[in-house]
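Notes for the one structure printed next.
The values are calculated or read from the model by the stated rules, or taken from the named source; none is laboratory data. In this text the structure is predicted, and so the values were computed from the model without any measurement. Glycine gets a Cβ as well: all are built from the backbone with ideal geometry, and neighbour counts include every protein chain shown. These accessible areas exclude ligands, DNA and RNA; they are computed on the full protein's heavy atoms, side chains included. Shrake-Rupley method; radii C 1.70, N 1.55, O 1.52, S 1.80 Å.
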Protein chains: 2
Amino acid sequence: MSNEVKQKSKQDLSMQESPQAREAQLGITVKKEQDLSEWYTQVVLKAELADYSGAKGFMAVRPYGYAIWEILRERFDQEIKKTGHQNAYFPTLIPESLLQKEAEHFAGFTPEVFWVTKAGDRDLQERLAVRPTSETIIHDAMKRWIRSWRDLPMLLNVWNSVLRAEIKSTKPFIRTTEFLWQEGHTAHATEEQAEKEVMEILILYKKITEELFAVPVLIGKKSEKEKFVGAVYTTTLEAMMPDGKAVQTGTSHHLGQNFSVPFDIKYLGEDGGMHHVWQTSWGISWRLIGAMIMEHGDDKGLIIPPNVAPIQAIVIPILFSSTSSSQVSHSLSTKGRTRVDKGAKEEEKEKEQRGGDTASVISVCREVKSRLENCGVRVKVDERENYTPGWKFNEWELKGVPLRIEVGPRDVAAGSVVLVRRDVSDKSEKKKQAKLEDLEVSVKETLNEIQSTLLRRCEERLHTQISEASNFETLSKILEERGGFVKAPWCGSRECEDKVKESTGADIRVIPFDEKPKGEDKCVVCSNLGLHLVYFARAY
Amino acid sequence: MSNEVKQKSKQDLSMQESPQAREAQLGITVKKEQDLSEWYTQVVLKAELADYSGAKGFMAVRPYGYAIWEILRERFDQEIKKTGHQNAYFPTLIPESLLQKEAEHFAGFTPEVFWVTKAGDRDLQERLAVRPTSETIIHDAMKRWIRSWRDLPMLLNVWNSVLRAEIKSTKPFIRTTEFLWQEGHTAHATEEQAEKEVMEILILYKKITEELFAVPVLIGKKSEKEKFVGAVYTTTLEAMMPDGKAVQTGTSHHLGQNFSVPFDIKYLGEDGGMHHVWQTSWGISWRLIGAMIMEHGDDKGLIIPPNVAPIQAIVIPILFSSTSSSQVSHSLSTKGRTRVDKGAKEEEKEKEQRGGDTASVISVCREVKSRLENCGVRVKVDERENYTPGWKFNEWELKGVPLRIEVGPRDVAAGSVVLVRRDVSDKSEKKKQAKLEDLEVSVKETLNEIQSTLLRRCEERLHTQISEASNFETLSKILEERGGFVKAPWCGSRECEDKVKESTGADIRVIPFDEKPKGEDKCVVCSNLGLHLVYFARAY
């Protein structure tokens, strides 16, 4: 499907550039409910968040999509810097010998690694891996940088990209060969401190995911099978998409001493002895953007939660409209039109009136922009002259701008503006008049309402997407018919986990921290004692 | 030399961790004037700006060095966003077929390219280049994204790293196999607009280099030989290091239609016709940090200009000192010391006195920090208990913090603090008392003075490092004996340029915009007519 869209967008290059032609290609041509996958691809491409680029599985992030990433990065950076984390940078290429130092880690990653074997036309003596993750090269440095307890904890973070050759089909933001992320790497004096870090980061991730992206998540541990290769254990955040498939939006790993022993990272303790450090690593990626798109969008396109929206409010001057400011109207430029029904004088008068209206409407639009900017709202005025208000409405709806502010001559006369919410379709909720004097308060309140509505709506849906199963038949039936999370007791064996995967395609997504099976619960597969209560789901 | 240092730092791992042991290894062991290269390496490693990491030629940027990069990035981002540029992201790996589209560009880069030939154990059908620069992959996207004049100018910027296999010896920040940079890529409707962009960015680079890093630069064009492969022409910024070798700190290229023709990037003009776009590209890298280190540092270590200093002011409590607050004193902890000359009572009294002093000194230190933070100064208090003030002075001097603020019991009593400048060594200039009530003003003024002193000092030195030559013998002699820039007329031929390079190692660094040879001036090499006045120099 995505290839078709790509082809199509290439053909568009040669299309004539009238606004009408643009409008025709602009809209999303499938319903989200009918074909989520095709809807998703169209939204990503048409809202200009990203585009396919280079080799298969790679993508370019366009400015509008990258601006979302910048907002996430700035906020996350602030949060981790408060707790003493520092950013650094490490090489893109990792010598094979370093990657091999932790055997499980190497075995897990090597099928996905891109190998550099040549520089110019010279063969390299040792192959270099394009980093699939940076544990090994960072631990190699920590070995040199950590000497005593005074150097601990060492709390490093890197913003970079990693590459993993994907054999599965790719999907922009959700599964790509290269992706942008942050990877945190820390070293601690004690196991307790490392485990505390793992949990603190997990909770921060949950906060960021829910507060910025309005995507609710379940948290807990991964099973042994699903944990990060090389970790003692992995904690995870799992979101549920409208089609019943899960998305893992972040992970935080306790590495124990699994790396510090082979990498020989030791510190001189206050007790005078040398000890291996305890480590963690953790990451979130641009997947969060993918989950956000699927969670909130509708048949008109994207809906971006205000807290991560590059443009939170778009101000649109409503000009040349003969009825109400909210009607989708077309440009009434006189050029090329014959007006036989009006005398020259009357026309002249109308023109003058329009000229006056234009000036005052544009002036109020700019005032709205500057006042909102001053109180920290990301706002833009769409002053383009050769597009109708209706065309602009469609474009900014497609791009998911959460709030539209309409300013027409009547609004100017009444000292008010019209606020139109992107997140609701019910007319009475969607639009409201706001007095110009209360602009800042009205806009901020409305943005907050949109943010919380989006989260609440997803939370409610998540609630309906959690089922329970006490036997294998029910488990399979639910996964087959409606997907979502299925909560069930599990004995803890790899065999039972594999059996579910083989027959239903679902994994154990998460083992919650705070839910346990009742004493007599049986494993949903083998009927042995259920040691854990786990959430099964198919996943992206 | 650098390898030796590396070895040494590895041995240090096993050293006992007493403050004295640390102090011994901390200092720079060579004079800057005597061995700039070894001095430079020691400063980079010991001030913890960066470290060697991974394969030969690669380095890791440590948090202290990365913080400088973050300051540059934030400031540059602000500046280019004001003029409508937008950030984006493009793949790390570029298919060989894309890289080949512009023949000169490909030929120029291919000897330096790292080639990915395998993914896991599968051979790739087409080799992928680890990006040496992103023109080709970005132009391939622009071809899809640009349709009409409404899409122009397209002003993209990317913050990423690029990799070029270096055969020459490497030097942290100055010449590394991988380096962080920003690369700007723009497309315009007319050649005039593209050329305007090239110059505006060049001027912005000069401003950033001089205002932030206090590194003065010459600007102008590169010769045909030295221009970016694929460009119509390249403009450049050239700084002069204390040892008489130049550093190119940034370039801004006019690409004309050299790429838009092979990449077929066309737009529908307002005239209804299809036209190829006009393009530019431009970049600055972490080299700026390298130039800054060489320009300002001294025998004690780094000196960071306040405008890019991660820590602009370090506050040091002067405790347990028996004389003045400024004396370098050693910890007088009573532990392990026998005091036979004092009665128990007197000792008790002294202890109490010290306890009171400690509390009030620490409290003033924290007040200083919070007040300075509130007015935007990046400030830190060094409250570590097991280091003497003297040890702390040395460490923060090595790390180049531009301003030290000393707070001792006498200062507290007098309602003042002592400000100590890192950039001057003359005692009367170096230190001054400041009233606590005037803290903000005094500190800001002093930081401004330091910033402008550093720039002025380099400008004065640059002035002495520019010579003139009217014949080949003089040119060679100056380059041999004292280096620097040698200004001379040049006929414009590649032969003469090559001859200078072969016999002196110097290139034409820059052809200034505003200096021309006089009518009768002869080429410094061949004695034909001098068409250009150019600056020759050896370079890093």
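Assorted remarks:
- Among the residues of segment B:242-280, the ones that are of a type in the set (S, T, N, Q), in a strand (DSSP E or B) and open to solvent by 50 Å² or more (accessible area, probe 1.4 Å) come to 1 in all.
- Scanning segment A:356-367 turns up no residue that is modelled with pLDDT under 95, hydroxyl-bearing (Ser, Thr, Tyr), under 23 Å from A:Lys430 (Cβ atoms) and surrounded by 15 or more Cβ atoms within 10 Å (Cβ to Cβ).
- Considering residues of segment B:161-194 that are open to solvent by 10 Å² or more (accessible area, probe 1.4 Å) and among the acidic types (Asp, Glu) only, the residue nearest to the other protein chains (Cβ to nearest Cβ): B:Glu166
- From the list A:Lys206, A:Lys222, the lone residue that is of a type in the set (Lys, Arg), surrounded by fewer than 19 Cβ atoms within 10 Å (Cβ to Cβ) and within 24 Å of the chain's Cα centre (by Cα) is A:Lys206.
Conditions (1) in contact with a strand residue (DSSP E or B) (Cβ under 6 Å, 6 or more places away or on another chain); (2) polar (S, T, N, Q); (3) modelled with pLDDT under 95, marked per residue:
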{"position": "A:Val61", "(1), (2), (3)": "yes, no, no"}
{"position": "A:Thr83", "(1), (2), (3)": "no, yes, no"}
{"position": "A:Glu102", "(1), (2), (3)": "no, no, yes"}
{"position": "A:Ala107", "(1), (2), (3)": "no, no, yes"}
{"position": "A:Val116", "(1), (2), (3)": "yes, no, no"}
{"position": "A:Ala119", "(1), (2), (3)": "yes, no, no"}
{"position": "A:Asp123", "(1), (2), (3)": "no, no, no"}
{"position": "A:Arg131", "(1), (2), (3)": "yes, no, no"}
{"position": "A:Asp140", "(1), (2), (3)": "no, no, no"}
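- Scanning segment A:105-156 for residues that are farther than 16 Å from B:Leu93 by Cα and among the aliphatic types (A, V, I, L, M) gives A:Ala107, A:Leu124, A:Ile137, A:Ile138, A:Ala141, A:Met142, A:Ile146, A:Leu152, A:Met154, A:Leu155, A:Leu156.
- Tallying residues that are small (Gly, Ala, Ser) and modelled with pLDDT of 95 or more within segment B:303-324 yields 2.
- Any hit, segment A:400-408, residues being in contact with a Lys or Arg (Cβ under 6 Å, 6 or more places away or on another chain) and buried (at least 20 other Cβ atoms within 10 Å of the Cβ): yes
- Residues of segment A:124-156 that turn out to be under 18 Å from B:Leu45 (Cα atoms), more than 8 Å from chain B (Cβ to nearest Cβ) and not β-branched (Val, Ile, Thr), as a count: 4
- Index of the failed condition, B:His105 passing every other in (1) more than 7 Å from every other protein chain (Cβ to nearest Cβ); (2) surrounded by fewer than 23 Cβ atoms within 10 Å (Cβ to Cβ): (2)
- Across segment B:46-65, a minimum of one residue is classified as open to solvent by 30 Å² or more (accessible area, probe 1.4 Å) and farther than 21 Å from B:Glu178 by Cβ.
- Filter pass, B:Thr92 being open to solvent by 30 Å² or more (accessible area, probe 1.4 Å) and within 8 Å of chain A (Cβ to nearest Cβ): no
- Of the helices (runs of 4 or more DSSP H) contained entirely in segment B:438-515, those carrying at least 3 residues that are touching a residue at least 24 places away in the same chain (Cβ under 8 Å) and under 26 Å from B:Asn307 (Cα atoms) fall at B:439-464.
- A Cβ distance below 9 Å, combined with a sequence gap of six or more or placement on separate chains, defines the contacts here; from segment B:414-435, residues that are on the phi > 0 side of the Ramachandran plot reach residues that are open to solvent by 10 Å² or more (accessible area, probe 1.4 Å) and part of a strand (DSSP E or B) in the pairs B:Gly415/B:Lys435.
- Scanning segment A:475-500 for residues that are basic (Lys, Arg), farther than 14 Å from A:Cys526 by Cα and either at pLDDT below 95 or open to solvent by 50 Å² or more (accessible area, probe 1.4 Å) (or both) turns up A:Lys477, A:Arg482.
- Filter pass, B:Gln100 being more than 10 Å from chain A (Cβ to nearest Cβ), of a type outside the set (Ser, Thr, Tyr) and either farther than 23 Å from A:Asn160 by Cβ or surrounded by 14 or more Cβ atoms within 10 Å (Cβ to Cβ) (or both): yes
- Every residue from segment B:368-385 that is farther than 21 Å from B:Tyr64 by Cβ and open to solvent by 80 Å² or more (accessible area, probe 1.4 Å): B:Asn374, B:Glu385
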